[in-house]
1. For the range A:60-151, which fully contained strands (runs of 3 or more DSSP E) count at least 2 residues that are surrounded by fewer than 19 Cβ atoms within 10 Å (Cβ to Cβ)?
2. Report, by residue number, each residue of the range A:210-236 that is at pLDDT 90 or above, in contact with a strand residue (DSSP E or B) (Cβ under 8 Å, 6 or more places away or on another chain) and polar (S, T, N, Q).
3. Which of (1) within 14 Å of chain B (Cβ to nearest Cβ); (2) surrounded by fewer than 17 Cβ atoms within 10 Å (Cβ to Cβ); (3) in contact (Cβ under 8 Å) with a residue 40 or more places away in the chain is the odd one out, the single condition A:Thr6 does not satisfy?
4. Is it true that A:Phe42 is without any contact (Cβ under 8 Å) to a residue 12 or more places away in the chain and in contact with a strand residue (DSSP E or B) (Cβ under 9 Å, 6 or more places away or on another chain)?
5. Check A:Ile181, A:Ile80 and return the single one that is hydrophobic (A, V, I, L, M, F, W, C), free of Cβ contacts under 8 Å to residues at least 60 places away in the same chain and touching a helix residue (DSSP H, G or I) at 6+ places or on another chain (Cβ under 8 Å).
6. Looking at (1) assigned to a loop (DSSP other than H, G, I, E, B); (2) at pLDDT 85 or above; (3) of a type in the set (Lys, Arg), which one does B:Lys216 not meet, given that it meets all the others?
7. In this structure, does A:Ala36 turn out to be farther than 16 Å from A:Thr6 by Cβ and either under 19 Å from the mean Cα position of the chain (by Cα) or not in a strand (DSSP E or B) (or both)?
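The values are calculated or read from the model by the stated rules, or taken from the named source; none is laboratory data. This structure is a prediction, so every number in the text was calculated from the model and none was measured. Here Cβ is always computed from backbone atoms with ideal geometry, including for glycine, and neighbour counts include all displayed protein chains.
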Amino acid sequence: MSKKITKVEFTNLDKLLFPQLKITKAQLIEYYIKIAPKMLGFLANRPLVLTRFPDGIDKEGFYEKDAPQGTPTWVKTVKIYSETAKRDVNYVLCNDLDTLIWLANLAAIEIHMPLSKAGSREKPDFAFFDVDPESPATFEDAITVALLLKEKLDKLGLESYVKTSGKKGFHVLVPIAQKYIFRETRTFVHQIGRELAKEQPFVVSEFKETKKPGKIFVDYLQNSQGRTMVSPYGVRAVPEATVSTPLEWTEVKKGIKPTELNIFSVVKREKDPWKKILENKQRLKV
Amino acid sequence: MENKANVPRRPIWTGSLTIGLVNVPIKLYSMIYDRGISFRFLHKKDGHPLKYQKVCTKDEKVVPWVEVAKGYEIAKNEYIIFDKEELEAVKPESDKRIRLDKFVDYFSVDPVYFDRSYVLMPDKSSGAYGLLLAAFEKKGKAGVGRITLRTKEYPALVHAYKGALVLTTLRYAYDVVDPQGFEELKKLKEPEKAELDMAVKIVTDLSGEFDITAYKDSYKQKVEELIKKKLKGQKVVVEKPAEKEVKELMVALRETLKQLEKK
């Protein structure tokens, strides 16, 4: 058999992972295979946190930081001491296609990554704005805030990149040179958030205000060592099998529906809006 | 778990039961199931099932079925070889007939000789079967005869059980151990009268009706509980990946590999 082109042994391919859309594990794997050329670069050398749903998204899933039992020897891992767990956690690194396929075969539907790499964990290469609308604020409202945010970053001479969260918000990222520590990026993001909140009554920038109904929180707290965001092109464990999809800023406008960006539509997109993001090492004024 | 086994769908033998001039066409169904817990051996490391292979003891190579013969050991490591055909030729011809030539009390045959029970059902005409059944029930006797099943001939008993005729194959006398062969029995002492009276009293006091449904295989039940628990937690599921799905993945995989190479 053609087995030799991947080291992964497929199991339970017909397992329904998204029962509402009758999406099987085979289809999840197929998505990750097809998206790999665009996605792998973002994952490289980042200790991943997985959310696995071996019995589908309707059944309980579980977070997994440790590489699971039975991890093949060819899968790269990195040991990092966890202060909370008081032990070394053996994180999976996804540096190649086989590992990505292996993760999909584990029904690791959600793949979350930190904003820094394994070798330099205290120095992020992204500043991260999590634009998160609190009901009844809608995705439409999040569009408004994301665009305001872009405008603000433009004025500072910073190029920003946007993706859907796959749920109801946006993730806006500013790729940066690896010379700042998390405290600095956090302060920077918080600063921008505060300015926005001052100008726009529906924007909040403080954690204690996050759950205010109808507000949109620009979350700066994710800019911390060990925190993660869902990977670009990462699938979300929601019934619509949405994908956290990198977008052109011109696509961020009324009418765009995050639920329509799913594992079937995203592989058909020819756009690769984040293609240059990792090369764009910008400087912050901190 | 129910107390009764399911009724089997297919007869394992058809033929006739004859007593003197009465000839009753019958079908024979299995009556006994061995419903223990069965396990499959797996490779601890990866959870895949193990398979057995016939390996030649000389060169340790796997031998295909066509090269397998049967050997009868006449001395240590010395065999007479038989082809399948040679043994086929001497197989007893099943004469498709169970002739009952004697009637006895069912329990005059000790249960140690009972091998396996089968239900007899009328084949086509049920009149003769009903007649025979009624006669058995009335006399309370069991008929003795012979039956050939597959390659083996068995002595057999036919008796009425729960409104049906049941056939029980019997073991040959030479297949059953005679307890008198044990030395221990020769050293038994005569019991004292008082002791015997006491023992008899206990037996009498504890006498009662026998209810087979009160007995359950507790090991089996425990293993079944264990299986339920394991199903909720970790489990070893090994399924063959569906060929079609794998093919589709391989197509996608080749395409992606091509793209990655270009980079």
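1. Values: elements: A:62-64, A:77-82, A:87-92, A:108-114, A:126-133.
Ranges flagged: A:62-64, A:77-82, A:87-92.
2. Selection gives A:Gln222, A:Asn223, A:Gln225, A:Thr228, A:Ser231.
3. (2)
4. The answer is no for A:Phe42.
5. On the way: A:Ile181 fails: touching a helix residue (DSSP H, G or I) at 6+ places or on another chain (Cβ under 8 Å).
Result of the check over A:Ile181, A:Ile80: A:Ile80.
6. (2) is the only condition that B:Lys216 fails.
7. Details: farther than 16 Å from A:Thr6 by Cβ: no; either under 19 Å from the mean Cα position of the chain (by Cα) or not in a strand (DSSP E or B) (or both): yes.
Judged against the criteria, A:Ala36 is not a match.
Matching residues to (1) exposed (fewer than 15 other Cβ atoms within 10 Å of the Cβ); (2) of a type in the set (Phe, Trp, Tyr); (3) under 18 Å from A:Phe129 (Cα atoms); (4) touching a Pro at 6+ places or on another chain (Cβ under 9 Å):
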residue: A:Lys167; (1), (2), (3), (4): no, no, yes, yes
residue: A:Phe182; (1), (2), (3), (4): no, yes, yes, yes
residue: A:Thr185; (1), (2), (3), (4): no, no, yes, yes
residue: A:Val189; (1), (2), (3), (4): no, no, yes, no
residue: A:Ile216; (1), (2), (3), (4): no, no, yes, yes
residue: A:Ser231; (1), (2), (3), (4): no, no, yes, no
residue: A:Trp249; (1), (2), (3), (4): no, yes, yes, yes
residue: A:Ile256; (1), (2), (3), (4): no, no, no, no
residue: A:Val267; (1), (2), (3), (4): no, no, no, no
